[in-house]
Amino acid sequence: MSQRDRETPAAKDFTRPESAAVHGGSQARMGLTPPVVTPIFQTAAYELPSTAVAAGIFDLLQDGHAYTRLNNPTCDVLEERMAAIDGAAAGLAVASGQAAVSLALLNLCQAGDNIVSSNELYGGTWNLLANTFARFGIETRFVSPEDPANFAAATDDRTRCYFGESLPNPRLRLFPIEEVAEAAEAHGLPLVLDNTMLPYVLRPIEFGAHILVYSATKYIGGHGSSLGGLIVDAGTFDWDRHAGRHPLMTTPDKAHGGVVWTRTGRELSGALGRSSYLLKARETLLRDLGPCLSPFNAFLLLQGLETLPLRMRVHGENSARVAAFLHGHPLVEQVLHPSLAEGEEGARVRRYLRGNCGPLVQFEVTGGREAGSRFIEALRLISHVTNIGDVRSMATHPASTTHAQLPEAEQIAAGVTQGSIRLAVGVEHIDDLLADLDQALKAI
Ligand code: PLP
């Protein structure tokens, strides 16, 4: 067929994540001359051509849109683009990172089940698992990822998944993805990994992770303007082979007319048909609990994704220079940064990160809490913000903010001390960043 005869432009052909960040997600279905930039489909509902088509969409026999709580063309492109960057089968966009973690895990568990989770977690996720899920009757068994064998040791026949964060802050110790994924496979469990800190830099599916979650609010959006979350399914977990472990996926679901999710959706030609796990999450949890992503935020997150590889490269270069500057500084007691890891951990950093250690640096100033707060207040370029994931450099005092609700023992387990400072190093010129750190250290 010649270019002149095409009814839609040819699908984009690419193999690398840098190209996926710009071109991932099909716009071809948006007509003969589709817009180059994904438009914002700011609509709650869609005109249905017939009752037969409507029934087909609701019965999961046909692709289509009926209501934006379930799917939306702008969100579709975001989902497909992130899946392409990660080399995954499909994605699901939701309202925030917390919604992504919640739905990813609730999709596998019901009352009486348990999750074996790393104890090195973002404070919000720790609370979700330790308190909110516990009230739903879902138990979380927290284990240290320092010894990957802890995951298998805490597993029983009601365990439904393993969970961890690829680069938990503030400790900034890489999660042993390969070892825990191997244990997960051996027990018929998927490994769900929060990769919020290292999108593009680390592709955990290459190392065996089955399901990824992201706070897109952070580096995916990259500009600190919009909340959003993503769940990405590698499509590699064989639910049917471990059917006894995963009755929610493999037995009739009353929540959707008795469908068996692993047998449903195969008729769907688009991304909806590529992940029975995400089809279930969309058609039951997103439908019932409702944390859908606004199309406007999906547009902003797509704009961010286009420059994700470029930004992450500069974040990584700058954070390595900042870590080197702080390491050995007379007023700094300890610096945590993956580039400083040694032994087995150092080998893991080299294998997983290939020279880019991501944006985060954690350090401790001499003089404890008071010196820490004097340092934060003396900063003139770096912002004092509890967020991370922005092009701007940001400093946080975790003990009084992000980790304040955790019991002290849990704070210490997470690597937070009274004088800890977390830096999310931005993309400003490195000379300006080092000058600001230098003058703020002199002020303590
Ligand atoms: N996961 C991690 C690792 C995070 O750092 C955060 C937020 O800081 C979340 C999840 C929650 O994301 P959101 O704030 O978008 O709900």
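The values are calculated or read from the model by the stated rules, or taken from the named source; none is laboratory data. Since the structure is predicted, the reported quantities are computational estimates derived from the model, not experimental observations. Methodologically, a virtual Cβ is constructed for each residue, glycine included, from the backbone with ideal geometry; neighbour enumeration extends over all protein chains shown. We work out accessible area using only protein heavy atoms, side chains counted, and drop any ligands, DNA or RNA first. Shrake-Rupley method; radii C 1.70, N 1.55, O 1.52, S 1.80 Å.
The table below gives the values:
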| quantity | calculated |
| --- | --- |
| Burial order of peptide ranges 39-52, 185-198 (average beta-carbon count within 10 Å, highest first) | 185-198, 39-52 |
| Ellipsoid equivalent to the range 13-155 - semi-axes via the Cα gyration tensor, in Å | 36, 21, 13 |
| Value of [θ]222 nm, deg cm²/dmol, for the chain, DSSP H segments ≥ 4, -39500 (n - 2.57) each, nearest 500 | -9000 deg cm²/dmol |
| Length added when fully stretched, Asn127-Glu344, from 0.36 nm per residue minus Cα-Cα | 75.1 nm |
| Distance between modelled label sites at Leu32 and Tyr67, nm, 7 Å Cα→Cβ extension | 3.6 nm |
| Under Karplus coefficients 6.51, -1.76 and 1.60, residue-wise ³J(HN,Hα) of the range 100-111 in Hz, glycine/proline x | 5, 4, 4, 5, 4, 8, 5, 5, 10, 10, 9, 3 |
| Per-residue SASA entry for Glu178, accessible area with 1.4 Å probe, Å² rounded to 10 | 60 Å² |
| Whichever aspartates and glutamates have a C-alpha closer than 13 Å to that of Lys280, once near sequence neighbours (fewer than 8 apart) are set aside | Asp59, Asp233, Asp253, Asp288 |
| Sequence-distant residues sharing a close amide H with Gln334 (under 5 Å, placed H) | Glu364 |
| Evaluated at q = 0.14 Å⁻¹: base-10 log I(q)/I(0), Debye formula over Cα of the range 9-304 | -1.02 |
| Ranked packing of 338-344, 171-177, 17-23, most packed first, by mean Cβ within 10 Å | 171-177, 17-23, 338-344 |
| Reach of Lys442 by Cα under 20 Å, taken over aspartates and glutamates that are not fewer than 8 positions away in the same chain | Glu333, Glu364, Glu370, Glu377, Asp431, Asp432 |
| HN-Hα J in Hz across the range 218-230 - Karplus 6.51, -1.76, 1.60, θ = phi - 60°, x for Gly and Pro | 8, 6, 5, x, x, 10, x, 9, 9, 7, x, x, 9 |
| At R0 = 25 Å, FRET efficiency that the Cβ-Cβ distance of Leu331 and Val391 yields, to 0.05 | 0.35 |
| Within the accessible area of the chain (1.4 Å probe), percent carbon and sulfur | 52 percent |
| Inter-probe distance in nm under a simple model that places probes 7 Å from Cα toward Cβ, at Ala111 and Val22 | 5.3 nm |
| Highest-fluctuation residue, Ser275, Ser118, Ser373 considered, GNM on the chain with Cα pairs under 10 Å | Ser373 |
| Proximal charge balance of Ala83 [Cβ under 9 Å; K/R count +1, D/E count -1] | -2 |
| Options Ala347, His329, Ala440, ranked by Cα towards positive dipole end of the range 309-442, top entry (Cβ charges) | Ala347 |
| For the range 210-348, Kirkwood radius (reciprocal of mean inverse C-alpha pair distance, Å) | 18.7 Å |
| Net charge contributed by nearby residues that have their C-beta within less than 11 Å of Gly273 (K/R +1, D/E -1) | 0 |
| Rounded FRET efficiency, nearest 0.05, which uses the C-beta distance separating Asp438 from Glu306 and R0 of 30 Å | 0.30 |
| Solvent exposure ordering (accessible area, 1.4 Å, most first) of Lys442, Lys280 | Lys442, Lys280 |
| Whole-number accessible area per residue in Å² for the chain, which is evaluated in the context of all protein chains at 1.4 Å | 41 Å² |
| Extension gain, Ala134 back to Glu370 (0.36 nm per residue minus Cα-Cα distance, nm) | 81.3 nm |
| Estimated vicinal HN-Hα couplings, Hz - the range 434-439 in sequence order (Karplus 6.51, -1.76, 1.60; Gly, Pro = x) | 5, 5, 5, 4, 4, 5 |
| Radius 15 Å from Cβ of Val385, net charge of other residues (Lys, Arg +1; Asp, Glu -1) | 0 |
| Kirkwood-Stokes translational diffusion coefficient of the range 309-442, alpha-carbon pairs, 20 °C, 1.002 mPa s, µm²/s | 142 µm²/s |
